[in-house]
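Q: Supplied in structure tokens, the structure appears directly below.
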């Protein structure tokens with residue numbers, strides 16, 4: 001854990017940043033929204049809690065909240081890569097890490113290179129449940145965003161409704177100016 005100095009205008013003069021992988025459900029109950037901080041160390045992703053419990057945008061932030069599995073059970077999750085202006089981008093690029101045991105399982109999507117090692121089938125194995133009892137995984141990010149659009153309530157399916165080609169994925173990820 002690192003200590004990051006904030007400007008004196010903050011009520012809290014020192015806040016502890018931490019590796020995103022070290023966040024736990026108890027941290028998320030207190031601070032549901034976390035933002036990435038710059039760090040010079042390679043391969044390390046540090047986060048700080050956001051000052052507010054609701055923000056105008058989720059770009060560059062992680063939301064810790066409970067999600068609902070297909071069987072109705074609830075699990076803590078980290079959701080990120082949320083574009084609240086583009087529902088198509090959200091559907092294909094939202095990232096989900098589910099708290100399984102005492103660790104985060106980082107779900108790979110169909111277009112990720114390691115989808116066979118960290119995809120929906122492997123998540124269902126980690127949870128010891130059939131894939132049909134896990135997916136779809138429902139989430140609702142609207143409580144964390146002011147004037148939230150309706151598509152911030154959705155679901156992550158084991159396979160997308162419409163699978164994009166590689167060219168479409170690149171085009172969606174890097175839109176033309």
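Q: Which whole-angstrom value gives the distance between the alpha carbon centres of the stretch 100-170 and the stretch 19-39?
A: Between the Cα centres of the stretch 100-170 and the stretch 19-39 lies a distance of 20 Å.
Q: Add -39500 (n - 2.57) for each DSSP H run of 4 or more in the chain, then divide by its residues: what number comes out at 222 nm, to the nearest 500 deg cm²/dmol? List each step's numbers first, then the result.
A: Details: 6 runs with 37 residues, N = 177.
Dividing the helical sum by the residues of the chain leaves -5000 deg cm²/dmol.
Q: Would you mind calculating the gained length between residue 129 and residue 27 on full extension (0.36 nm times residue separation, minus the Cα-Cα distance), in nm to one decimal?
A: Working: separation 102, 0.36 × 102 = 36.72 nm, distance 2.67 nm.
So the extension gain works out to 34.0 nm.
Q: Can you tell me the FRET efficiency between residue 37 and residue 162 if r is taken as the Cβ-Cβ distance and R0 is 45 Å, rounded to the nearest 0.05? Present the calculation step by step, with values, prior to reporting the outcome.
A: Details: r = 35 Å, r/R0 = 0.79.
Approximately 0.80, to the nearest 0.05.
Q: Any chance you could list P(r) for the chain, counting all Cα-Cα pairs in 5 angstrom bins from zero, rounded to whole %?
A: Each 5 Å bin holds this share of Cα pairs: 1, 8, 16, 19, 20, 17, 11, 5, 2, 1, 0.
Q: If I take R0 = 22 Å and measure r between the Cβ atoms of residue 151 and residue 116 in this structure, what FRET efficiency does the formula 1/(1 + (r/R0)^6) give, to the nearest 0.05?
A: Values: r = 29 Å, r/R0 = 1.31.
It comes to 0.15.
Q: Sequence gap at least 6, Cα distance under 8 Å: using those rules, report the relative contact order of the chain to the nearest whole percent.
A: Relative contact order here is 16 percent.
No lab work stands behind these numbers, since they all come straight from the coordinates. No experiment lies behind these values; they were computed from the predicted model shown. Positions of Cβ are generated from backbone atoms using ideal geometry, with glycine treated the same way; all protein chains shown enter the neighbour counts.
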